[in-house]
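For reference, the structure is listed below as structure tokens.
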Amino acid sequence: MGKKKVYIAYTGGTIGMKPSSNGFVTERGYFTRQIESYPELYHSEMPEFELHEYEHLIDSADITPQDWYHISQDIESKFNDFDGFIVLHGTDTMAYTASALSFMFEDLSKPVIVTGSQIPWSEMRSDGKDNLVTSLVLAANYNIPEVGLFFHNRLYRGNRARKLDATGFYAYQSPNFPALVEVGTKIDVKYDLLLKDPEKMLRVRHIAPPKVVVLSLFPGFPSHILKSIFESDIQGLVLMTYGMGNAPSEDKEMLKLLEQASNKGVIIVNCTQCNKGIVDMNGYATGKALLNIGVINGFDMTPEATMTKLSYLLSCDLKIDEMKQLMQTSLRGELTV
Ligand code: ASP
């Protein structure tokens, strides 16, 4: 049997950046040259790989749904030629991209691993080397039919991961779902947690530019702002609520505006501001008030998964009721029901 083959889509991000007088920046060719002279990547036990450097390398703060589409098309076009796929990406929005791709790839049968680093590859203490070497090993050799996010010795389900540390190497966590793989002296793949192998062929869906707003409540929230939001062409609202999904029930203006919008067909999803735990709108009257006016449950989805899933469903040409039902159903293991 020949060597396994991995395709690496290099989109930008710190891993390949170069220092400049304006801080770290991307530069075409810079990262590709660096990895060509890194011996571990060519060790006899490593898979073969092909690195495709994108023409327009970005800081991931600039990522758009158009870029997600481009990445998904790129992977789809190479799908039969490689055993696994890596997306090298900036850490800032990596959780959004991993979530978006998880919804866009239907019936995925091979690993797609999104990774990057906190310190550029060219710097002495870069964490990018470990992240890329281990991602290559995982993408080539393990049957992981999922979009995962690999960081600091853990592979997380992509739509469960969150960046929770701006500077630490242990930057990502998956607060509501265990890591899929833990890497130490051994590689421990939690096969019982993985999504099942699909029976159908891969299909790739598009996410249209989202007409979605993510809004976080806070004490004294000026409800009238909702009026102008709902006067726009918005189709979905991710409402970041307190605790188990509570909002101020004495703010009648807010409840009325939310109810009117929901009646008009805006999908309003209740997502907790807490990092861990699950929304239960029956727990308190303040949550029940939202349930009563048509707000739907985001369960334990991360804000990134909620936003990308809502945008994905809004792009799928579905009826409102179907979208609401699917929003509250696990499609790619993104929520616990
Ligand atoms: N700003 C960078 C980016 O997201 C940060 C990183 O990659 O760590 O592209």
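Quick rundown of the values:
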quantity	calculated
Amide H contacts under 5 Å for ASN143, placed H, 5+ residues apart	none
Directionally averaged projected area (convex hull, Cα atoms, the chain), nm²	18.3
Carbon/sulfur fraction of accessible area - the chain, other protein chains in place, 1.4 Å, %	51
Mean shadow area of the range 90-153, taken as a quarter of the surface of its Cα convex hull (nm²)	4.3
Radius ratio Rg over Rh of the range 11-152, counting only Cα atoms, Kirkwood formula for Rh	0.94
Cross-link reach list, aspartates and glutamates versus LYS196, counting only Cα pairs under 13 Å and skipping chain neighbours closer than eight places	GLU106, ASP107, GLU146
Antiparallel DSSP beta bridges within the range 1-125, as percent of all bridges there, nearest 5	5
Average silhouette area of the range 78-120, convex hull of alpha-carbon atoms, in square nanometres	3.5
Estimated inter-spin distance, LYS288 and ARG125, nm [label 7 Å along Cα→Cβ]	5.4
Partner lysines for LYS129 [C-alpha distance under 27 Å; skip if fewer than 8 residues away on the same chain]	LYS3, LYS4, LYS5, LYS18, LYS78, LYS110, LYS163, LYS186, LYS190
Additional length obtainable on full extension of the chain from ASP197 to LEU318, 0.36 nm per residue less Cα span	41.0 nm
Net charge, GLU199 excluded, C-beta distance under 14 Å - Lys, Arg +1, Asp, Glu -1	0
Equivalent ellipsoid dimensions for the range 1-61 as semi-axes, Å, which come from the Cα gyration tensor, largest first	26, 13, 8
Packing-based order for 313-319, 11-17, using average beta carbon neighbours within 10 Å, highest first	11-17, 313-319
Within the chain, percent of DSSP bridges classed antiparallel, to nearest 5	30
Inter-label distance for LYS3 and GLU48, nm, one decimal - labels placed 7 Å from Cα along Cα-to-Cβ	0.8
Contour minus Cα-Cα distance for ALA61 and ASP81 (0.36 nm per residue)	4.1 nm
Value of relative contact order over the chain, rounded to a whole percent, pairs C-alpha under 8 Å and six or more apart	15
Highest to lowest packing among 190-196, 147-153, scored as the average C-beta count within 10 Å	147-153, 190-196
Residues in the range 33-77 reached by a label modelled at ASN22 [backbone nitrogen below 20 Å; 7 Å Cα→Cβ]	54-64
Whole-angstrom gap from the range 1-44 to the range 182-214, using each part's C-alpha centre	24
Value of Rg/Rh across the range 223-322 [Cα atoms, Kirkwood radius]	0.94
Surface per residue (accessible, 1.4 Å probe) for the chain, Å²	45
Proximal charge balance of VAL238 [Cβ under 15 Å; K/R count +1, D/E count -1]	+1
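The values are calculated or read from the model by the stated rules, or taken from the named source; none is laboratory data. Computed from a predicted structure; not experimentally measured. Reconstructed Cβ throughout: ideal geometry from the backbone, glycine too, with neighbour counts over all protein chains shown. Accessible surface areas use protein heavy atoms only, side chains included; no ligands, DNA or RNA. Shrake-Rupley method; radii C 1.70, N 1.55, O 1.52, S 1.80 Å.
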